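Laboratory data are not the source of any read-out in this text; all were calculated from the coordinates shown. Note that this is a predicted model, so its numbers are computed, not measured. A quick note on method: Cβ atoms are made from the backbone with ideal geometry, for glycine too, and the neighbour counts reach across all protein chains shown.
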Amino acid sequence: MKEKSRGDKTGNSKLWLFEASSMILDFKFDPILAYLDESKDMIAAKELELKLKIEEWDDRYYSHHEAPEAFDYYEQEIINQKKFPELLNNSIFLVIYSVFEDHFKGLCNMAGKRVNSKLIVTDISSHGGYIDQCRKFMIKVIGLELTELQIEWTEIKKFQLIRNAIAHNKGQIKEVKSDLNKFIETKPGISYFRNSSLIFISDIEFLQSFIDVIKKFFVKLNKNLIQELGKV
């Protein structure tokens with residue numbers, strides 16, 4: 001049940017926090033996007049540097065049959081280079097998800113205080129993770145109707161499945177259901193290898209698409225919050 005405060009002396013003035021929420025989210029994501037762009041350039045530069053090393057080695061030792069192959073000489077560098085995108089993309093994906101959780105929790109806390117709720121997010125039971133607790137809090141405690149956010153929420157839940165696999169199972173998903181498989185097949189920058197059951201984020205485009213859907217979700221959520229809390 002939603003609990004509303006009476007005679008709030010601040011009136012609707014505190015609603016500016018919800019109006020500014022999308023701008024605050026930009027401040028959180030902008031450094032991440034800038035870091036991704038710079039890291040992608042760094043990885044490309046390292047790839048070129050290694051390519052030139054191998055070419056130079058082949059040219060210098062082409063006629064020296066006793067010399068090792070370039071791959072053997074630069075094997076560790078080659079292995080490291082192939083791991084860079086995975087390490088970067090996986091770690092930043094987890095950071096983006098964490099920002100999403102934290103921002104969602106912050107909105108719940110602000111909204112809960114606005115309606116003088118005695119309940120907090122962690123009081124809400126859910127088997128779908130922390131973000132599901134936040135969503136249920138918005139519906140049950142704040143009284144929001146979130147059907148118009150269903151498209152974004154459905155997509156976010158797919159990202160959550162991938163996040164859980166990376167965070168808790170080293171990127172493995174043993175059974176990929178048809179809806180998740182379709183999501184992976186149509187989403188640029190991610191692949192699923194059935195032989196190893198591994199998820200692989202190959203490009204930052206996948207991470208950028210996650211940020212995009214998060215922003216769309218919160219734009220709609222903030223609109224609903226302002227409408228509902230404006231009645232308090």
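Exceeding 20 Å between C-alpha atoms, which entries from my cross-link table qualify? They are K140/K215; K28/K215; K158/K216; K40/K83; K28/K187.
From the list (K140/K215; K28/K215; K158/K216; K40/K83; K28/K187), the Cα-Cα distance tops 20 Å for K140/K215; K28/K187.
For Cα pairs less than 8 Å apart in space and 6+ apart in sequence, what is the mean separation divided by the residue count of segment 14-229, i.e. the relative contact order in percent?
Averaging sequence separation for qualifying contacts and normalising by length gives 27 percent for segment 14-229.
Once you have the Kirkwood Rh of segment 7-89 from its Cα pairs, apply Stokes-Einstein at 10 °C and 1.306 mPa s and quote D in µm²/s.
D, rounded to a whole number, is 93 µm²/s.
For the chain, divide the Cα radius of gyration by the Kirkwood radius and give the resulting Rg/Rh value with two decimals.
Ratio of gyration radius to Kirkwood radius for the chain: 1.14.
Counting Lys and Arg as +1 and Asp and Glu as -1, each charge on the Cβ, what is the dipole of the chain about the Cα centre in debye, to the nearest 20?
In debye, rounded to 20, the chain gives about 2160.
If a/c stays under 1.5 just call it rounded; otherwise compare a/b with b/c (prolate if a/b is bigger, oblate if not). Do that for segment 102-232, with a ≥ b ≥ c from the square roots of the Cα gyration tensor eigenvalues.
prolate
May I have the convex hull volume per residue, in Å³, for the Cα set of segment 184-227?
70
Roughly how many debye, to the nearest 20, is the charge dipole of segment 79-193 about its Cα centre, given +1 on each Lys and Arg Cβ, -1 on each Asp and Glu Cβ, and no other charges?
Result for segment 79-193 is approximately 240 debye, rounded to the nearest 20.
Taking 25 Å as R0, compute the FRET efficiency from the Cβ-Cβ separation of I151 and Q227 and round it to 0.05.
Computed FRET efficiency for I151 and Q227 comes out at 0.85.
Which order do peptides 196-209, 44-57 fall in by mean Cβ count within 10 Å, highest first?
Descending mean neighbour count gives 196-209, 44-57.
Between L33 and A167, what is 0.36 nm times their sequence separation minus the Cα-Cα distance? Round to one decimal in nm.
Answer, rounded to one decimal: 46.2 nm.
Bin by bin, in steps of 10 Å, what percent of the Cα pairs in segment 51-99 do you find, going until the bin that has the longest distance?
23, 33, 20, 15, 8, 2
Please give the helix 204-229 orientation as an angle from the longest Cα principal axis of the chain, in degrees from 0 to 90, rounded to the nearest 10.
Computed tilt is about 0 degrees.
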